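The values are calculated or read from the model by the stated rules, or taken from the named source; none is laboratory data. Model, not experiment: these values are computed from the prediction. Please note: Cβ atoms are built from the backbone with ideal geometry, for glycine as well, and neighbour counts cover all protein chains shown.
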Amino acid sequence: MKNQRNTLLRGMSQLIAAAATMIVISGGEPSQPVAAATAPAQTVAKPTTKTVAVHQYVTVTKHASVWRGMDHFQTADVVLKDAYHKTYLVSATNTLANGKTYYTVLNAAGQQLGYLDTTAVTNAGQHPEGVKQSASGYASLTQRNRTIYRDLLGHVKASSNSFLGRTYRVKAMYYPSIGGTYLALYDSHNQLFGYIKAGQYSASKVSQGVWQHFNQYAKVKSPSYTIWRTFGWKKSTTTAKYKHGYFKINGVYRHSNGSTYYSVYTLSGKWLGYLNANAVSTFAHAEGSKHADHRYVTVKRTIYPSYTSFSWGRRYSGKTLYHHTYLSTGKYYHINGSTYLAIQDHTGRFMGYINQKAVDAGTKPQGRWYKLNKYTTFTSTRYPAYKGFNQSVRTSGKKTLSPHVSGQCRLLSL
């Protein structure tokens, strides 16, 4: 009897459980155990980031990229593939849950550019010029219309035109936040001269800078200068040996010590060395500059022709010019030791350049007076005798038959 009752109770329990299951399937409110059995699928939480605001500059000293985000690094997320040698303003430090840190960097306009690995940079503090980089050598300012900057904030000092040819010592290099690469230039007193953008000068490893074209002549004006064989200051000779002499110049060095040196040759072409520019006066042409002259000259020798230029193209022979008077409008002291006169006739026509040894000079249009002691006979009565060269008649030709001649002149108009 007892066993029958236990069997009946077990059957009733199974019916109650089945009924409960039917209630859940038909849409009833699930009980707590059922809810646990139907929990949603597991998701991965994004890493947390700790951001701290900062204000400092950094220079990228390793090859690194600027990224658009910090959660994944794909090619499509690169803002700048290689930011090496660039300087940025940092607005924040971002630390990921894995301990990795990135800077939030801004562009030159102050706009957010992206994120940069902090291990790839060197802190420049509050210096927008970035971290000072070592550099050496010399820079000659040989390019026109280049800008010299007073600082690396973009403030202009001057144009290179004002310092053209000069050489400065390079002592540092910067990659400022304004972009580009700049060299710091120092003068002969070791004072900062300014900054110039890379590639806008002629670089040299030696203190005299680069050779620069300069094709002129020079006359020694001081006997107390040394002519150097090298810029290691090995002596060649002195200007005392060439006092009042001439040199040919074919190049110039504008040394970083502030002085200018010419590469000088004798007129026969022998190289002498390097000479301080203060020792000489220079001129572009072998004849030198034109000196004012206003004399009347009469050609007295036939062996000297006149020349069209100082390239020695012949204009007139000495025989053609002989015993004619011309106006000298200028004289030239040529480095060959001769003096040449620029002469013209009474109409203003240029007759050429003639050696001063060929003429006698006077101050009036009749030219030089030549002494004679002769008698002459007039063969024509059409020509009168004059009191002077103002065309004032003294007597007619009819009354002068055999006068005594004490001298003669060749008037400019003849």
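Computed values, structure above
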item	result
Any hit, the range 330-343, residues being outside the structural domain of PHE247 (by TED's automatic domain parsing), surrounded by fewer than 20 Cβ atoms within 10 Å (Cβ to Cβ), at pLDDT below 95 and basic (Lys, Arg)	no
Residues (of a type in the set (Phe, Trp, Tyr) and either at pLDDT below 95 or not in a loop (DSSP other than H, G, I, E, B) (or both)) located in the range 306-329	TYR307, TYR316, TYR322, TYR326
Candidates GLY273, GLY209, filtered to the one that is modelled with pLDDT of 95 or more, closer than 24 Å to ASP187 by Cα and not assigned by TED's automatic domain parsing to the domain that holds TYR340	GLY209
Hits in the range 164-180 - residues which are outside any loop (DSSP other than H, G, I, E, B) and crowded, with 18+ Cβ neighbours inside 10 Å	THR167, TYR168, ARG169, VAL170, MET173, TYR174
Residue in the range 290-302 that is touching a Phe, Trp or Tyr at 6+ places or on another chain (Cβ under 9 Å) and of a type in the set (Gly, Ala, Ser) present	no
Test: residue in the range 211-224 that is surrounded by fewer than 14 Cβ atoms within 10 Å (Cβ to Cβ), among the basic types (Lys, Arg) and not in a strand (DSSP E or B)	yes
Boolean, TRP228 is more than 30 Å from HIS346 (Cβ to Cβ) and without any contact (Cβ under 8 Å) to a residue 60 or more places away in the chain	yes
Filter result for THR302 (of a type in the set (Val, Ile, Thr) and part of a loop (DSSP other than H, G, I, E, B))	yes
Pairs where the first residue, in the range 312-335, is under 13 Å from THR298 (Cα atoms) and acidic (Asp, Glu) and the second is modelled with pLDDT under 95 and surrounded by fewer than 18 Cβ atoms within 10 Å (Cβ to Cβ), C-beta under 6 Å, 6+ apart	none
Complete set of residues in the range 287-325 that are among the small types (Gly, Ala, Ser) and crowded, with 16+ Cβ neighbours inside 10 Å	GLY288, SER306, GLY318
Only one of HIS189, HIS244 that is farther than 14 Å from GLY165 by Cβ, at pLDDT below 95 and assigned to a loop (DSSP other than H, G, I, E, B)	HIS244
Residue within the range 142-157 that is aliphatic (A, V, I, L, M), surrounded by 20 or more Cβ atoms within 10 Å (Cβ to Cβ) and over 22 Å from LYS197 (Cα atoms) present	no
Residue, surrounded by the most Cβ atoms within 10 Å (Cβ to Cβ), within the range 82-123, restricted to residues that are among the small types (Gly, Ala, Ser) and without any contact (Cβ under 8 Å) to a residue 40 or more places away in the chain	ALA83
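Residue-by-condition table, conditions (1) at pLDDT below 95; (2) of a type outside the set (Val, Ile, Thr); (3) assigned to a strand (DSSP E or B); (4) not assigned by TED's automatic domain parsing to the domain that holds LYS248:
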{"residue": "TYR261", "(1), (2), (3), (4)": "no, yes, yes, no"}
{"residue": "HIS294", "(1), (2), (3), (4)": "yes, yes, yes, yes"}
{"residue": "THR347", "(1), (2), (3), (4)": "yes, no, no, yes"}
{"residue": "ILE354", "(1), (2), (3), (4)": "no, no, yes, yes"}
